[in-house]
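I have placed the structure first, in the form of C-alpha cells, so that the comments after it can refer back to it.
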Amino acid sequence: MPQALGKNHGGYCGETIDIDDVLASLVAEARARDWGVESLPVDPELNLIALHRQPKTVSRRFYLSTGVHGDEPAGPLAVQRMIEEDLFPDDAECWVLPCLNPTGFALNRRETAAGIDLNRDYQNPQSGEVQTQVRWLENKGRFDCAVCLHEDWEAKGFYLYAVNPKNIPCVSEAIVDAVRPVFPIDRSAEIEGFPACDGIIRPPVNPLGPSIWPETLYLTKHHTDLGYTLESSSDFPLANRVDALVLAVRALMNTVSPA
Ligand SMILES: [Zn+2]
C-alpha cells in the first residue's frame, strides 16, 4: 500500500506534468484508436480538447472530464492511460474532456491563469473555458453517468461524491471496493465539510449555495441522473494516484446500468 509522502503543506507540492505533452500524446493515441478528436476554441491562444468514442453497438453513454484544477495532475494521466490501454467498456459511447484548465496546469495551481476556480463557475459561467464546455455540451443529450476526476491535497486517501437526485441503484461501494486494495480510502467521518462514510459523500443537491455551482451539479441538472466526482489524495506518489483513479472509473463504468 502506498504511504503518504507528507509533502503537501498549504497546497499541492508533489510531482507536476507538462500538460501540452500529455494532451499531445493522448490525442495521438485517441486518433490511432478511432476516437473523434475536436479542438474547441476558448480564445485565440487557448483550445480545449474533446474526445468522442462511438462503438458500433451502444447500450450506455458516459461523460468523463478532468483537469478542472491545474494542481491535480492524476486526472489527465488517468484519462491518458484509459485511452492508451483501451479501458473503456465495449458497449459505451464516451464523451471525454481530458483537461478543462490547461492554463492552470502551466502554473501548477487550482485556478486558471485568469484566477477563476472553474469548479465554482457553472451557474452563470464567466470563464471562457466553462462557456466553451457548456456550449459543446448543449447537443450531447443525456448520459447514463457523468464522471469528474479530481485530487485533494489534504485528503487522507481516495473518496468520492455521488450526486444521485433520483436515488437510482448506486455503484459507490463498488468503486471504493475496487480502489481499496491499491490505495488508502479516506475513512474520515467528515470530508470537506460533508458527512462521509467509508470514503463516500452523498452531498445535498445544492451543496455550495445558490450561485456556486461545481461541474457535477451542472451535469446533474442538465445531462444525467448520476454524477460522480472521484478524488484521489495528492499526498501519495503520482503513479499510485493514477492507478486509483483508473480503477475507480473502470469499476464505475463496468457497474452502471443503462438509465
Ligand atoms: Zn479538484
Practice item. For the range 225-241, just list the computed ³J(HN,Hα) in residue order, Karplus coefficients 6.51, -1.76 and 1.60, θ = phi - 60°, integers in Hz, with x standing in for Gly and Pro. Key: 9, 9, x, 10, 10, 9, 10, 8, 8, 8, 9, 10, x, 4, 4, 5, 5
Review point. Kirkwood hydrodynamic radius for the chain: how many Å is it when counted over pairs of different Cα atoms?
Key: 18.1 Å
**Study point:** Note, ³J(HN,Hα) from phi for the range 154-159, Karplus 6.51, -1.76, 1.60, rounded to Hz, x at Gly and Pro
**Key:** 9, 5, 7, x, 5, 8
Review point. Which order do Arg142, Arg241 take by accessible area at a 1.4 Å probe, largest first?
Key: Arg142, Arg241
Study note, to complete from the structure: Per the rule of 0.36 nm per residue minus the C-alpha distance, extending Lys166 to Ala28 adds in nm 45.8 nm
Practice item. Work from the charge dipole of the range 19-255 (Cβ charges, +1 for Lys and Arg, -1 for Asp and Glu, about the Cα centre) and give the residue of Thr112, Ser59, Tyr122 farthest towards its positive end. Key: Ser59
Study note, to complete from the structure: With +1 at each Lys and Arg Cβ and -1 at each Asp and Glu Cβ, the charge dipole magnitude of the range 19-255 around its Cα centre, to the nearest 20 debye, comes out at 660 debye
Study note, to complete from the structure: Given pairs Lys7/Lys166; Lys156/Lys221; Lys140/Lys166 and cut-off 32 Å on Cα-Cα distance, the over-length ones are Lys7/Lys166
Study note, to complete from the structure: Exposed-loop cut sites defined as GluC sites (Glu not before Pro) in DSSP loop states with at most 11 other Cβ within 10 angstrom; longest site-free run of the chain spans 139-259
Practice item. Using just the alpha carbons, could you tell me how many Å³ per residue the convex hull of the range 16-68 encloses? Key: 105 Å³
Study note, to complete from the structure: Between Leu46 and Lys7, the two model label points (7 Å from Cα along the beta-carbon direction) sit apart by a distance in nm of 2.6 nm
**Study point:** FRET E, pair Ser39, Arg202, Förster distance 41 Å, beta-carbon r, rounded to 0.05
**Key:** 0.65
Check your understanding: Considering only protein heavy atoms, what is the solvent-accessible area of Lys7 at a probe of 1.4 Å, reported in Å² to the nearest 10?
Key -> 100 Å²
Exercise for review: Be a star and scan the range 235-259 for residues whose amide nitrogen sits under 11 Å from the point 7 Å along the Cα-to-Cβ vector of Lys56.
Suggested key: none
Revision key, fill the gap. The range 1-115: spread of alpha-carbon positions along the three principal axes, whole Å, largest first, is 48, 44, 22
Point to revise | For Asp152, distant residues with modelled amide H under 5 Å away | key: Ser232, Ser233, Ser234
Review point. Taking H as built 1.01 Å from N, whose amide H comes closer than 5 Å to the amide H of Ile191, not counting residues under 5 places away?
Key: Ala196
Practice item. For Ala189 and Ala259, calculate 0.36 nm times their separation in residues minus their Cα-Cα distance, and state this gained length in nm to one decimal. Key: 22.1 nm
Practice item. Provide the net charge surrounding Glu85, with neighbours chosen by a C-beta distance below 13 Å and charges set as Lys +1, Arg +1, Asp -1, Glu -1. Key: -1
Exercise for review: State, to one decimal in nm², a quarter of the convex hull surface area for the C-alpha atoms of the range 74-123, i.e. the direction-averaged projected area.
Suggested key: 4.6 nm²
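The values are calculated or read from the model by the stated rules, or taken from the named source; none is laboratory data. Just so it is clear, the model here is predicted, and its values are computed rather than measured. Positions of Cβ are backbone-derived with ideal geometry, glycine not excepted, and every protein chain shown enters the neighbour counts. Keep in mind that these areas ignore ligands, DNA and RNA; they rest on the heavy atoms of the full protein, side chains included. Shrake-Rupley method; radii C 1.70, N 1.55, O 1.52, S 1.80 Å.
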